[in-house]
C-alpha cells in the first residue's frame with residue numbers, strides 16, 4: 001500500500017529538512033512513459049503512482065515520468081474523475097492532460113510501458129526501429145507476482161472498485177519498475 005509522505009518520512013525530515021537526493025551518474029535523466037488507450041484512466045494512474053514512488057525515493061531529479069494514449073479520443077482532457085479521487089484518497093496525485101503517443105516519443109523515452117496487450121500491439125506497429133522496440137514492455141512484467149502477459153484492466157466502464165484495483169496493480173508493478181531502473185542505471 002502506498003504510504004503518505006508523513007507515514008514514510010522520518011521525524012527529522014518532517015521537521016523541515018530536505019530528504020537526501022540521489023544523484024544520477026553522469027546527470028542523465030531516465031524517462032518513462034506509461035501508455036494506455038485514451039490516457040485518462042490507467043496510464044495517468046501509473047504515472048501518478050510512479051511519480052509518487054520516485055519522489056519518496058528522492059529520485060525526482062533523475063527520473064522523468066509521463067503518460068500517453070495510443071488513441072487521441074480524449075486529447076486535452078483531465079484524467080477520469082474516479083481515477084483522481086481514488087488516488088487522492090491514497091495520497092497520490094493523478095493529474096495532467098491526455099495526449100497521444102507520437103513517433104518522437106520513441107526517441108525521448110527510455111522506457112515505454114504499455115498497460116495491456118492491445119496497447120502493446122499498437123505501439124509495436126508504430127515503432128520506428130528494432131532498437132526502439134527494446135524500450136517497450138507491459139507494466140505488469142515488472143510485478144514479480146503477476147502472471148506472464150498480465151494486463152492492467154480498463155476500469156472506464158465499471159465502478160469505483162475497478163479504479164482501486166488499477167491503483168493496486170500499478171503500485172505493485174511501479175515498485176518493480178523503479179527497482180529495475182535503479183539497478184540498471186546505478187541510482
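Which ones in region 74-87 are assigned to a loop (DSSP other than H, G, I, E, B) and surrounded by fewer than 21 Cβ atoms within 10 Å (Cβ to Cβ)?
74, 75, 76, 77, 78
Would a scan of region 147-155 turn up a residue that is within 17 Å of residue 53 (Cβ to Cβ), out of contact with any strand residue (DSSP E or B) (no Cβ under 6 Å at 6 or more places or on another chain), in a loop (DSSP other than H, G, I, E, B) and at pLDDT 95 or above? Yes, region 147-155 contains at least one residue that is within 17 Å of residue 53 (Cβ to Cβ), out of contact with any strand residue (DSSP E or B) (no Cβ under 6 Å at 6 or more places or on another chain), in a loop (DSSP other than H, G, I, E, B) and at pLDDT 95 or above.
Scanning region 121-142 for residues that are in contact with a strand residue (DSSP E or B) (Cβ under 6 Å, 6 or more places away or on another chain) and crowded, with 20+ Cβ neighbours inside 10 Å, we see that the one that is nearest to residue 172 (Cα to Cα) is 139. Mind telling me which of the residues 82, 99 ends up being closer than 21 Å to residue 52 by Cβ, in contact (Cβ under 8 Å) with a residue 60 or more places away in the chain and out of contact with any strand residue (DSSP E or B) (no Cβ under 8 Å at 6 or more places or on another chain)? Within the list 82, 99, the selection yields 82.
If you check residue 71 against the conditions, is it surrounded by 17 or more Cβ atoms within 10 Å (Cβ to Cβ) and modelled with pLDDT of 95 or more? Judged against the criteria, residue 71 is not a match. Exactly one residue among 38, 61, 91 is part of a loop (DSSP other than H, G, I, E, B) and at pLDDT below 95, and that residue is 61.
The values are calculated or read from the model by the stated rules, or taken from the named source; none is laboratory data. Given the structure is predicted, the values throughout are model-derived calculations rather than measurements. Note that we place each Cβ from the backbone using ideal geometry, even for glycine, and neighbour counts take in every protein chain shown.
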